[in-house]
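Worksheet: the structure to be examined is printed underneath.
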Amino acid sequence: MLVQDGKVMLVHHTYMSQWYLPGGGARRGETLEEAARREAHEEVGAEMGKMDLLGVYSNFAQHKSDHAAVFICDDFRMKDSPSAEIDSAAFYPANDLPSDTSPGTRRR
């Protein structure tokens, strides 16, 4: 979760219809922090400094076994352009997210 001036960054993927926090899966041999840093850089070009673990969330709906570790970071620089898979990225006040923000993103 990238936070700037009290606002949180959300991304809209080219292949999905809702807004999400930047992120993705960890690769084999990669720590959760390494995965969060890589995904933030790949998706939105963020180079992150200090991060704190906000929480770990589980989803067992629809016979899934998903676990999401959410880090929060307000110490980052935007270095590169968003990836081709990101249609748009923007900062929003946490209490005024777009109406089409995913339910999981809203909960987090």
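Okay, here's what the table says:
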| item | result |
| --- | --- |
| Nearby lysines by direct alpha-carbon distance to LYS7 (threshold 22 angstrom, same-chain neighbours under 8 apart not counted) | LYS50, LYS79 |
| Rounded to 5, percent antiparallel among DSSP beta bridges of the chain | 90 percent |
| Charge context of SER58, other residues only, Cβ under 15 angstrom, K/R +1, D/E -1 | +2 |
| Contour minus Cα-Cα distance for ASP87 and SER17 (0.36 nm per residue) | 24.2 nm |
| Region 1-89: chymotrypsin sites (Phe, Trp or Tyr not before Pro) falling in loop per DSSP and having at most 15 other Cβ within 10 Å | TYR15, PHE60 |
| Stokes-Einstein D in µm²/s, Kirkwood radius over Cα pairs - region 45-108 at 20 °C with 1.002 mPa s viscosity | 151 µm²/s |
| Whole-Hz couplings from phi, Karplus 6.51/-1.76/1.60, listed for region 11-27; x for Gly and Pro | 10, 10, 6, 5, 10, 9, 9, 10, 8, 9, 6, x, x, x, x, 7, 8 |
| Coil-residue GluC sites (Glu not before Pro) of region 1-81, DSSP, other Cβ within 10 Å capped at 16 | GLU30 |
| Spin-label model distance (nm) - LYS50 vs ALA94, 7 Å beyond Cα toward Cβ | 1.7 nm |
| FRET efficiency for ASP80 and GLU34, using Cβ-Cβ distance with R0 set to 22 Å, rounded to 0.05 | 0.80 |
| Charge tally in the Cβ shell below 12 Å around HIS41, where Lys, Arg are +1 and Asp, Glu are -1, HIS41 excluded | -2 |
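We did not get these values from a lab; they are worked out from the coordinates using the rules stated. Since this is a predicted model, take the numbers as computed values, not measurements. As a convention, Cβ positions derive from the backbone with ideal geometry for all residues, glycine included, and neighbour counts pool all protein chains shown.
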